[in-house]
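Quick notes on the structure that follows.
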Amino acid sequence: MSKTYGLDKITSPRYPIYNQLFEFYNYCEQVLAYTGDTMLDKTHAVNNFVKYSKLTQLEDITNQQIYEWVEWHKKVRKNTARTVNTYLHQLKAMLKWQKEENIEMPNLKLSRIAFQKEAPARKNWFTRKQIKRALLYADPREWLMITMSFECGLRIEEMVNLKLSDIRGRKVKIIGKGHRLRWGMISRKTKRRLKRWIRKEGITGYLWRGRNNVGHLGQEKARLLMQAVFAKAGFHNMVPHDLRHSFATELKLLGLPTRKIQLALGHTTEAITEHYLSDLAGVTIEDIQKEVSLPLIRVRIRAFFANLFYILPRISLKPQQ
């Protein structure tokens, strides 16, 4: 990323705050070795506050400025408590570091910066039948983004960052949070469609190109495209993360142990996975029967007859004693 960390867009190098923030960002990137995505989250949150407050030096910061910034995000920007807390976390981390670097901020008390009360996490999922219905309204790119997100349990940032080099046959290399590596698997049908897409579009880098073929498709644009597909099918409450829930739910209903689901989702601990899977909306015995038991029965029947037709000829050819 640019070595100005976006500071040139929100303040002037003449002001002390420019160097104060630059040193913090540089420390995070060079010493703590934060990933590019983490640095973008950090700089976006802190720079947003500086732009709003119009501070020229951190010594002048007050708790009241932070309270007003939080209210602006809640009432004007209509951000959720979770989003506001993400911003506050980044801002408090920066201010704590500055205090440790002996920056005097007499009108600031970190202990009085309170996080917002968050609503319970939204946990929604779609059945395979519902996803197939939505895919009827998708163009080739949307079809692939939705299907690969579901089959590999992708976060939206993981999906938009996929490159041609990440595809190894039907295996998909996924770099998740904390730069952790995991592998996903796509179906043969998805693989065929992906090959056609790569060939038709002349893909050599990112699977989903950004505007004017520069970089990759943005997360917000991808989110709108996917939501529009589901809305056409009558599902107006969809967010892309629901496809990751759908992937996790299907693994849960198939009876996989939490440890294996954890690895598939790229979580650091089983506790996170247990929380992730708990209280998923709409998981009923009827859904389990429809979405798991019957398909599995059909698979077992096909496997039985396949084995039968393989074994019978060999029985008839067995030499008589």
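For segment 94-105, enumerate the residues that are surrounded by fewer than 17 Cβ atoms within 10 Å (Cβ to Cβ), in contact (Cβ under 8 Å) with a residue 12 or more places away in the chain and assigned to a helix (DSSP H, G or I). Those that are surrounded by fewer than 17 Cβ atoms within 10 Å (Cβ to Cβ), in contact (Cβ under 8 Å) with a residue 12 or more places away in the chain and assigned to a helix (DSSP H, G or I): Lys96, Trp97. Among residues that are surrounded by fewer than 15 Cβ atoms within 10 Å (Cβ to Cβ), within 26 Å of Tyr15 (Cα to Cα) and at pLDDT 95 or above, Gln64 is included. The residue that is surrounded by the most Cβ atoms within 10 Å (Cβ to Cβ), counting only those in segment 254-275 that are assigned to a helix (DSSP H, G or I) and hydroxyl-bearing (Ser, Thr, Tyr), is Thr273.
Scanning segment 1-48 for residues that are part of a helix (DSSP H, G or I), aromatic (Phe, Trp, Tyr) and surrounded by fewer than 19 Cβ atoms within 10 Å (Cβ to Cβ) yields Phe22, Tyr27. Taking segment 154-205 as the range and being of a type in the set (D, E, K, R), in contact with a Phe, Trp or Tyr (Cβ under 8 Å, 6 or more places away or on another chain) and part of a helix (DSSP H, G or I) as the test, only Arg193 passes. For Ser165, are the conditions met, namely being hydroxyl-bearing (Ser, Thr, Tyr), within 17 Å of Leu135 (Cβ to Cβ) and in the same structural domain as Gln262 (by TED's automatic domain parsing)? No: the conditions fail for Ser165. Of the set (1) surrounded by 15 or more Cβ atoms within 10 Å (Cβ to Cβ); (2) modelled with pLDDT of 95 or more; (3) in the same structural domain as Arg196 (by TED's automatic domain parsing), all apply to Cys152 but (2). Taking the conditions exactly as written (at pLDDT below 90 and of a type in the set (S, T, N, Q)), does Thr83 satisfy them or not? Yes, satisfied. Considering only residues of segment 66-80 that are in a helix (DSSP H, G or I), farther than 19 Å from Leu110 by Cα and of a type outside the set (D, E, K, R), which is nearest to the chain's Cα centre (by Cα)? Going through the qualifying residues, I end up with His73. Residues of segment 300-320 include at least one that is modelled with pLDDT under 50, farther than 30 Å from Arg141 by Cβ and charged (D, E, K, R).
If I filter segment 206-229 down to residues being among the basic types (Lys, Arg) and in a helix (DSSP H, G or I), which single residue comes out as nearest to Asp242 (Cα to Cα)? The qualifying residue nearest to Asp242 (Cα to Cα) is Arg223. Residues in segment 230-253 that are surrounded by 14 or more Cβ atoms within 10 Å (Cβ to Cβ) and either among the acidic types (Asp, Glu) or part of a loop (DSSP other than H, G, I, E, B) (or both): 7 in all.
The values are calculated or read from the model by the stated rules, or taken from the named source; none is laboratory data. Keep in mind the model is a prediction, meaning the values are calculated, not measured. With ideal geometry, Cβ positions are generated from the backbone for all residues, glycine too; neighbour counts draw on all protein chains shown.
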